[in-house]
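*Asks:* Before I ask anything, here is the structure I am working with.
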Amino acid sequence: MSNSYWSTTLIFIRHAQARAPDGSYGNDTPLSPFGHEQAQALVAAFTSETVPAIVYTSPYPRAVATAQPLCYYYGITPIVDARLAEFAFPAGSVATVQQRPDLVLWQPDHCGVPDGETLATFATRVADLCTAMALQHAGKSVAFVTHSGVIDAALRWAVGLATDSLWQHDFDLATASVTEIQVWPYGRVSNGAPRYCAIRRVGDVRHLGQLISDL
C-alpha cells in the first residue's frame, strides 16, 4: 500500500547494561564493561534505510554513554532531553531491581517515589514527547536512547492506550535492544485513522550476538 502522507520513524534504544562498583543501582549508575561492548554493537542495528538522522538521549549516565559510539560512528551530536528520563524509583541494588518492585505500580495514580510523578503523568510525558518528535522531524528517522519504562510508555502510546489506563503488561526489552515505530501523525491513507503507527520491531537484539542481558 502506498503512503498518502509522510511518516516519521521513532527508534527507541534501551541503554546498555549498567553496574556500579558498590552494587547500587540508580540514576547515576554507569555502564559496565559488558555494557560498553553492547553500546559498540548498536552500530550494527541499523541499515542504510534506518540510520537515525538525530539522536536524543536521557540525561542518565548509562544512556549518554550508550549513545556515544552510535553518534561517533554516524557523526551525530546527541541531544540530552530530560523527557527521556525513567519513571522514578527509589535507588537500590541490582538484586532489588531484579525482584521487579515496579510490578506493584499499575494504577494511573501510583507513584514510584513519594511526591514523584504518577504513572498517568509519566505516560503523558512520554506520549507528548512522541507526538512532538513525530511532527518536529517529519520524514526522518530519530533515535532515543532511554529506559525500559519510557519504551513501554511509547508502545502504549503507539497502540492508542489512554495515558490514564491501567498498567497491566510490559514488554520484554533487553539492554541495548532496539524498538522501532513508524508514525504517520496525520494518518496513513485518505479516510483512514487520523493517526497511524506501525510497530516495526520490539526489543530487537539481533545486533548483539552473544551480548544479551536483561538488566
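The values are calculated or read from the model by the stated rules, or taken from the named source; none is laboratory data. Predicted, not measured: the structure shown is a model, and the values here were computed from it. When we count neighbours, we look across all protein chains shown, and the Cβ atoms used for this are built from the backbone with ideal geometry, even at glycine.
*Asks:* Looking at Gly209, Gly149, can you tell me which residue is loosely packed, with under 14 Cβ neighbours inside 10 Å and at pLDDT 95 or above?
*Replies:* Step by step, each of Gly209, Gly149 is checked, and only Gly209 is loosely packed, with under 14 Cβ neighbours inside 10 Å and at pLDDT 95 or above.
*Asks:* Looking only at segment 1-42, filter to residues that are free of Cβ contacts under 8 Å to residues at least 40 places away in the same chain and in a helix (DSSP H, G or I); which one of those is farthest from the chain's Cα centre (by Cα)?
*Replies:* Per the criteria, the residue is Pro33.
*Asks:* Which members of segment 24-73 meet the condition of being closer than 30 Å to Ala95 by Cβ and polar (S, T, N, Q)?
*Replies:* If the condition is that a residue be closer than 30 Å to Ala95 by Cβ and polar (S, T, N, Q), then Ser24, Asn27, Thr29, Ser32, Gln38, Gln40, Thr57, Ser58, Thr66, Gln68 are the ones that fit.
*Asks:* Sticking with this structure for a sec: Only one of Phe89, Phe144 is aromatic (Phe, Trp, Tyr), at negative phi and without any contact (Cβ under 8 Å) to a residue 60 or more places away in the chain; which?
*Replies:* Phe89
*Asks:* Now, a different point. Scan segment 52-106 residue by residue and report those that are polar (S, T, N, Q), touching a helix residue (DSSP H, G or I) at 6+ places or on another chain (Cβ under 6 Å) and assigned to a helix (DSSP H, G or I).
*Replies:* Listed by number, the list holds a single entry, Thr66.
*Asks:* Residue check, Asp128 against (1) loosely packed, with under 15 Cβ neighbours inside 10 Å; (2) under 24 Å from Ala18 (Cα atoms); (3) charged (D, E, K, R), all met but one. Which one?
*Replies:* Of (1) loosely packed, with under 15 Cβ neighbours inside 10 Å; (2) under 24 Å from Ala18 (Cα atoms); (3) charged (D, E, K, R), only one is false for Asp128: (2).
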